[in-house]
Structures are given as C-alpha cells and as structure tokens.
Amino acid sequence: MRAPRTPHRHRLDGLPIGLAAGVLALAAAALGSPAAAALPTVDVVDNGHFNQGNRMVAWNCESGLVLPPSDAFGELAGYPTDVSFAGCTQTVTVEPNSTYRLSARVKGPYVFAGVTGSGTADVALWSNETDWNTLNGTVTTGPNTRTLTVYFHGWYQQGPYRISAFELWGPGQPQATCSPIPLDNTQPPSADPCYLTPTPRPSWTPAPTET
C-alpha cells in the first residue's frame, strides 16, 4: 500500500505561500511603509511668524535685529552694517526624498531668504521691494537628508528690512500650539516656550498645504 502523499501548500502566482509572503514583505520594505508615507503636511519652522515669546525664540540671530513698534506685532526689523547681515538661522527637521515649499513675507532693500543643507540643492531667494512681497521656492531633500538650515538676512550697508513670516511646508510632525503673547507685551514669555501653528495676517497668504 502506498503511503499517503504529503499535501502541498497552496501556491500564490506559482510560489509557495511562505515564499510569496517573504517576497511581498521585501517589496513593501523597498517601497516604504504606509505609515512613513502618511506624514501630514506641516510647517516645520518653529516660530516662523515671530509671535511667540520674545519673537526670536527658536532662531539664532546676529546683532542688528530689533522689534518694530508695538503696532507691528509679529514682525522683525533687520539693520545690516558693514560687518553684519542682521540675519537669523534655524535648523529644522525634514524627511528624506521629500518636497517642501518655502515662503517668506518680506520688504526692504536686498532681503534674502533661503534653505541650505546636506543632500539637497540650496535655495536662495531675494527681493528689493519697498512694499510687502512674498518669496516662494521649492526645496527637494535627498535620500539621507534629515535636517536643513533655513535663514533670512539683509545685505552689508544696505537699508533696514522687515520680515513677518517664514514658512517651510512639507511632510513632518505637527507642532504644539499655544496662545500668542499679548499685543501689549504685559506678560513675560514662558520659561518653556511652545510654538504656534502659523496664523495668517490679513494681507498674507501662506504657502499652500499640498498633499
């Protein structure tokens, strides 16, 4: 009497289920997990509207940056000299192989805004307008890019400039939200500052939150 045959496992596209599952797992890893692709589109710049704490919270600034009069809440004024751009920088966290939209609302002679970092092409924008205007650019990160440096500044021995918003929209983790400091600055900033989700000013249209 012949011994009973050991039943074969069912096949998927000609492969045993166990092997097929392994192939599918490798393909999913190569394409990236759904969770990694589901990051929301956010503004990755902290205090990009200069309306939290002392207005320069989260920024590393040179000399020559001052707060305009109280009616200019949420703005910074830069006064370049022969040795200073009167600018600020900030390191932001980004995702590899991603596209970000840079926007800055500025006015004044020779005011610059941009992004620099490893694994991506630098983006440098500038204007020389006497009225408020918006600088827009696109930033694409490389396969190993995890951080970028954003910056704005004036130019040596040129007139003063102003900036009221700097945004970099793309994949990232949502930031904490909190109430802005009062317009009359009667309360001191928090010892542990949190940062605002940008609130558009009446004449300012922020970068689109593309999905």
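The values are calculated or read from the model by the stated rules, or taken from the named source; none is laboratory data. No experiment lies behind these values; they were computed from the predicted model shown. FYI the Cβ positions are ideal-geometry reconstructions off the backbone, even for glycines, and counts take in every protein chain you see.
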task: May I ask you to list pairs of residues, at least six apart or on different chains, whose Cβ atoms are under 8 Å apart, with the first in region 92-106 being in contact (Cβ under 8 Å) with a residue 12 or more places away in the chain and more than 21 Å from residue 174 (Cβ to Cβ) and the second being assigned to a loop (DSSP other than H, G, I, E, B) and of a type in the set (Phe, Trp, Tyr)?
output: 105/132; 105/204; 106/132
message: I need the full set of residues from region 90-107 which are in a strand (DSSP E or B) and either more than 12 Å from the chain's Cα centre (by Cα) or not polar (S, T, N, Q) (or both), in order please.
response: 92, 100, 101, 102, 104, 105, 106, 107
field: Failed condition for residue 35, given (1) at pLDDT below 95; (2) at positive phi
entry: (2)
field: Residue in region 57-84 that is surrounded by the most Cβ atoms within 10 Å (Cβ to Cβ), counting only those that are modelled with pLDDT of 90 or more and of a type in the set (Ser, Thr, Tyr)
entry: 84
- request: Could you run through region 101-123 and say how many residues are closer than 16 Å to residue 165 by Cα and touching a Phe, Trp or Tyr at 6+ places or on another chain (Cβ under 7 Å)?
  value: 10
field: Pick from region 139-169, criterion in contact with a strand residue (DSSP E or B) (Cβ under 6 Å, 6 or more places away or on another chain) and among the hydroxyl-bearing types (Ser, Thr, Tyr), ranking: surrounded by the most Cβ atoms within 10 Å (Cβ to Cβ)
entry: 161
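What residue, among those in region 100-138 that are among the β-branched types (Val, Ile, Thr) and loosely packed, with under 14 Cβ neighbours inside 10 Å, is modelled with the highest pLDDT?
138
Table: residues versus (1) at pLDDT 65 or above; (2) more than 20 Å from the chain's Cα centre (by Cα); (3) at negative phi.
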residue	(1), (2), (3)
149	yes, no, yes
156	yes, yes, yes
159	yes, yes, yes
164	yes, no, yes
171	yes, no, yes
179	no, yes, yes
184	no, yes, yes
189	no, yes, yes
query: Within region 39-75, restricting attention to residues that are polar (S, T, N, Q) and either assigned to a strand (DSSP E or B) or touching a Ser or Thr at 6+ places or on another chain (Cβ under 6 Å) (or both), which residue is nearest to residue 146 (Cα to Cα)?
result: 41
